[in-house]
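Asks: Dropping the structure in here first, questions after.
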């Protein structure tokens, strides 16, 4: 499962002409990473608001931690799937994410705030994510949160507010001329 997610989210991005050739790149959406715990254990942690404990079992964060270990030559407790995924030159290590301080955003009964009660009983997870790559130190994450009040989907939306410093493409002289022309109208 992890390899499939990485293939669809990260490796395909590399194959798009110019997709990764920017000073900053944002990757967001349903990335489909899951929490690897039993449903009852995950729900109990959610009820007790023990999100940090739950995040220890979250696939994307585990993969990032494993990437650090793999780079150092430590592979003792990694599954073969994770080792295989990490042996590739992954973009995943170049992306950042804000600290997750909100409850899992998936899977809810549509129109409610109740985690999945269907026969499948999906394990609540943080599948919806906002990642960013900043090669120029021009991006500052100001807020990363979910919007729990929205209930028209089986996902709760995730939002982020960034401050992005852009390059000036117009000289100060041209900018002044444009501003004075604009304001004289």
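Asks: Neighbouring Cβ atoms within 10 Å as the yardstick, rank 40, 153 fewest first.
Replies: 40, 153
Asks: Neighbouring Cβ atoms within 10 Å as the yardstick, rank 151, 38 fewest first.
Replies: Ordered from fewest to most neighbouring Cβ atoms within 10 Å, 151, 38 come out as 38, 151.
Asks: Taking the Cα centroid of segment 99-121 and of segment 150-181, what is the distance between the two, rounded to the nearest whole Å?
Replies: Their Cα centres are 32 Å away from one another.
Taken together, the values in this text are just the output of simple stated rules run on the coordinates, not laboratory data. In this text, all values refer to a predicted model and were calculated from it rather than measured experimentally. Positions of Cβ are backbone-derived with ideal geometry, glycine not excepted, and every protein chain shown enters the neighbour counts.
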